[in-house]
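Below is one structure, written out as structure tokens, with a few remarks after it.
The values are calculated or read from the model by the stated rules, or taken from the named source; none is laboratory data. Quick caveat, the model's predicted, so the values are computed rather than measured. Don't worry about glycine lacking a Cβ; one is built from the backbone with ideal geometry, like all the others, and counts go over all protein chains shown.
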Amino acid sequence: MKRLQVTVGVLLAAFLLAAAFGAVQLNRFLNSPMDIGEAGADFLIESGSSFRAVSDELEDRGYIDNSVLLRLWARWTGQAGSIHAGDYYIRAGTTPAELLDQFTSGDVKLYSFTIVEGWNHRELLTALQASEHVTATLTDEDWPGLLAELGNQGGHPEGLFLPETYRFPRNTSDREVLRQAYELMQNVLEEEWGARAEELSVTTPYEALILASIIEKETARGDERQRISGVFSRRLEKSMRLQTDPTVIYGIGPDFNGNLTRRDLRTDTPYNTYTRAGLPPTPIAMPGRAAIHAALHPAQGDELYFVATGLEDGSHTFSTTKEEHDAAVTEYLRRLRQNRK
């Protein structure tokens with residue numbers, strides 16, 4: 001009997017010693033930085049991948065030295081069945097325990113897509129279709145359906161998506177990116193409209209968006225936006241036609257060859273602000289927040305005209321009278337001819 005007790009005691013001690021040793025080894029394995037390299041590494045978990053396949057690939061790449069140990073721990077903790085598919089970036093110094101947390105939380109690598117101020121909806125769609133990280137599902141014919149999904153009944157997409165950089169996981173659909181941009185535009189437009197100046201020439205947020213899109217196309221200079229907004233606002237108040245080239249170009253559409261002619265200025269379209277009074281029916285581009293702010297905070301003054309200077313800084317000459325404006329146009333044409341020489 002005594003011999004049996006001794007044997008059991010020895011076996012128990014050996015078991016406890018082995019368990020303690022195993023616990024130490026497991027703890028060391030889970031909490032030691034993996035062999036990733038200083039630059040970190042990308043790691044893709046395909047949809048439907050088993051945790052065995054994931055752990056084996058980690059070992060095959062040399063990131064860990066014991067895939068079995070990782071699987072045993074993941075199954076013991078229940079993490080093996082909770083990993084998310086996706087494109088991950090494993091940072092230098094990451095431990096196996098931290099990596100499991102990353103896989104189960106879905107902390108995937110994010111990619112970006114930037115909507116540029118002044119793009120029109122065709123340029124936006126083309127850029128989305130060209131992005132390797134966005135899943136393209138839309139064609140030009142799908143705009144009305146998308147807008148209906150977003151709760152917009154206007155049917156025309158121009159100006160409705162805020163220029164900004166959006167971040168998202170790989171293979172996010174173009175619809176999801178546009179949903180984010182649409183909602184952000186609605187939020188910005190609501191905020192800016194709520195803080196608008198008094199006695200504006202625009203009477204609705206959508207009119208403000210239209211005016212902002214024209215300002216966006218007229219200048220990229222932050223110091224000129226509100227000044228240009230003031231010119232347009234005064235012209236609207238005086239029932240003067242806006243006579244702005246970007247609206248004419250937008251009305252010509254994709255067939256515009258880059259050369260705006262007198263005939264183009266005389267050809268009537270809903271967007272020709274030389275032949276029609278007031279604002280065009282829709283925005284002509286995607287305006288950024290700064291342009292929206294300028295549309296709702298026009299600079300005070302008497303200026304009714306502006307024309308490009310022809311200088312490399314993209315500046316404009318502003319005038320109060322038609323005579324001053326004609327002289328500024330003459331100077332612009334002179335400088336243009338000189339630059340061509």
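Of the residues screened, Ala181 is one that is crowded, with 17+ Cβ neighbours inside 10 Å and either in the same structural domain as Ser213 (by TED's automatic domain parsing) or in contact with a Pro (Cβ under 7 Å, 6 or more places away or on another chain) (or both).
Kindly indicate which of Ala23, Ala14, Ala18, Ala80 is in contact with a Lys or Arg (Cβ under 7 Å, 6 or more places away or on another chain), farther than 30 Å from Asp140 by Cα and either part of a loop (DSSP other than H, G, I, E, B) or modelled with pLDDT under 90 (or both). Steps first, answer last, please.
On the way: Ala23 fails: in contact with a Lys or Arg (Cβ under 7 Å, 6 or more places away or on another chain); Ala14 fails: in contact with a Lys or Arg (Cβ under 7 Å, 6 or more places away or on another chain); Ala18 fails: in contact with a Lys or Arg (Cβ under 7 Å, 6 or more places away or on another chain).
Answer to the selection: Ala80.
For the stretch 175-196, the condition holds for no residue, the condition being that it is in contact with a Phe, Trp or Tyr (Cβ under 8 Å, 6 or more places away or on another chain) and part of a loop (DSSP other than H, G, I, E, B). Just one of (1) closer than 29 Å to Tyr166 by Cβ; (2) more than 28 Å from the chain's Cα centre (by Cα); (3) of a type outside the set (Phe, Trp, Tyr) fails for Pro96. It is (1). For Tyr111, the criteria (1) in a strand (DSSP E or B); (2) at pLDDT below 95; (3) surrounded by 19 or more Cβ atoms within 10 Å (Cβ to Cβ) hold in every case but one, which is (3). The residue list Asp302, Asp313 contains one member that is in contact with a Lys or Arg (Cβ under 9 Å, 6 or more places away or on another chain) and modelled with pLDDT of 95 or more, which is Asp302. All of (1) without any contact (Cβ under 8 Å) to a residue 12 or more places away in the chain; (2) outside any loop (DSSP other than H, G, I, E, B); (3) within 28 Å of Lys109 (Cβ to Cβ) hold for Glu132 with one exception: (2). Where helices (runs of 4 or more DSSP H) fall wholly inside the stretch 205-305, the ranges with 1 or more residues that are small (Gly, Ala, Ser), under 27 Å from the mean Cα position of the chain (by Cα) and within 19 Å of Gly118 (Cβ to Cβ) are 205-218, 225-237, 245-252, 289-295.
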